[in-house]
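The values are calculated or read from the model by the stated rules, or taken from the named source; none is laboratory data. As the structure is a prediction and not an experimental result, all values here were calculated from the model. Here Cβ is always computed from backbone atoms with ideal geometry, including for glycine, and neighbour counts include all displayed protein chains. The accessibility values were calculated without ligands, DNA or RNA, using every heavy atom of the protein model including side chains. Shrake-Rupley method; radii C 1.70, N 1.55, O 1.52, S 1.80 Å.
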Amino acid sequence: MAKESRYTDRRRYFNELAGTSEEFLVPYIAKFKAVVEGVSVLEIGCGEGGNLLPFARRGCRVRGTDIAPGKIDNAARFFAESGLEGEFACEDFLSCELSQHRGRYDIVILHDVIEHIEPPFKSQFICRAAECLSEGGLMMVAFPAWQMPFGGHQQICRSKVCKALPFMHLLPMKAYLCYLRLFGENEERLREQASIKRSRMTVESFTRLVKGESLEIRDRLLWLINPHYKAKFHLPAVKLVKPFSSIPYLRNFFSTSCFFIIGKQCPKVEDERRSGRH
């Protein structure tokens with residue numbers, strides 16, 4: 001029997017994400033915020049919750065939300081099977097009652113989520129996520145740069161050709177959809193891929209988004225080889241180094257994952273910005 005894909009074997013995918021989170025996400029966040037017992041962590045778009053498992057092992061109070069009920073059911077089951085506690089809720093974060101989250105979390109995680117939010121809603125989404133932060137809380141955001149070889153999330157396609165050919169998502173929209181249709185992708189997949197193409201995220205556009213919402217970037221780390229590729233393809237994680245990491249726009253072709261640490265601006269900085277002195 002053929003080896004089951006990580007995209008259908010959800011327990012396998014959960015374990016892979018947990019491993020990546022343990023080795024890369026937790027240490028990165030811990031440089032800026034202690035990941036210890038009692039710290040509250042929210043992941044928006046958590047899927048099956050694999051990223052949250054290492055936080056729960058450290059005694060953090062973890063909560064995950066996702067719009068897909070099946071993934072939330074899996075998250076609760078996988079956590080229970082692991083003997084760890086976690087809260088999981090199926091909700092649309094853009095329309096849910098925010099009072100249940102506002103100011104409650106020391107760490108908020110958006111991992112491979114912001115690039116799926118359609119452009120008219122990105123600002124609202126990032127603002128709502130920031131409102132969930134407690135005083136001194138931090139947000140960790142990760143996404144693949146749009147122009148990187150597989151920035152269109154082609155891995156979710158069914159066709160082996162569509163999965164394997166890089167940069168095809170950079171075609172004009174009509175040509176891209178024709179290409180996907182030619183190799184047998186169904187209409188549901190075409191709609192999803194079109195949404196991802198409209199929702200593209202780059203280092204520069206994300207930086208503008210954050211600064212436009214009175215937030216500040218505390219740190220940025222670009223990866224030439226995505227840390228998750230270690231679990232997926234047995235490739236070592238490799239950071240994107242200068243000068244490539246410093247060249248606007250060009251760096252997007254090389255950044256398979258972009259890590260950001262985001263915080264709220266302190267009142268003094270915000271006052272200076274409004275008065276035009278900053």
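A few points about this structure:
- Ranking of Cys132, Cys127 by solvent-accessible surface, largest first: Cys127, Cys132 (1.4 Å probe, protein heavy atoms only, all chains present).
- Note on the chain: GNM, Cα springs under 10 Å; of Ala30, Ala231, Ala75, the largest mean-square fluctuation is that of Ala30.
- If you plug the beta carbon distance of Phe233 and Glu118 into 1/(1 + (r/R0)^6) with R0 = 30 Å, you get a FRET efficiency near 0.50.
- Using 0.36 nm per residue and subtracting the Cα-Cα separation, the extra length available between Cys90 and Thr207 on full extension is 39.2 nm.
- Apportionment of accessible area to carbon and sulfur, the chain, percent (1.4 Å): 56 percent
- Modelled spin-label separation between Glu192 and Tyr249, with each label point placed 7 Å from Cα along the Cα-to-Cβ direction: 3.2 nm.
- When the P(r) is computed for the chain, the part past 30 Å accounts for 29% of the Cα-Cα pairs.
- Simple Cβ-charge dipole of segment 1-123, Lys/Arg +1 and Asp/Glu -1, about Cα centre, in debye nearest 20: 280 debye
- Applying 1/(1 + (r/R0)^6) with R0 = 35 Å to the Cβ-Cβ distance of Arg11 and Ser134 gives a FRET efficiency near 0.60.
- In this simple spin-label model, placing a label point 7 Å from the Cα along the Cα-to-Cβ direction at both Gln155 and Arg57 gives a separation of 2.0 nm.
- Where Phe143, Phe150 fall by accessible area, highest first, once all protein chains stay in place (1.4 Å): Phe150, Phe143
- The residue list Phe259, Leu177, Ala80 was ranked by how far each Cα lies along the charge dipole of the chain toward its positive end, using unit charges on Cβ atoms, and Leu177 comes out on top.
- Options His228, Ser246, Val108, ranked by Cα towards positive dipole end of the chain, top entry (Cβ charges): Ser246
- Å² per residue, accessible surface of the chain at 1.4 Å: 48 Å²
- Since only Thr65, Ile44, Phe24 are under comparison, the one whose Cα sits farthest along the positive direction of the charge dipole of segment 1-152, derived from C-beta charges on Lys, Arg, Asp and Glu, is Phe24.
- Rounded to the nearest 10 square angstrom, Asp73 shows an accessible area of 100 square angstrom against a 1.4 Å probe.
- Solvent-accessible ranking of His234, His169, largest area first, probe 1.4 Å: His234, His169
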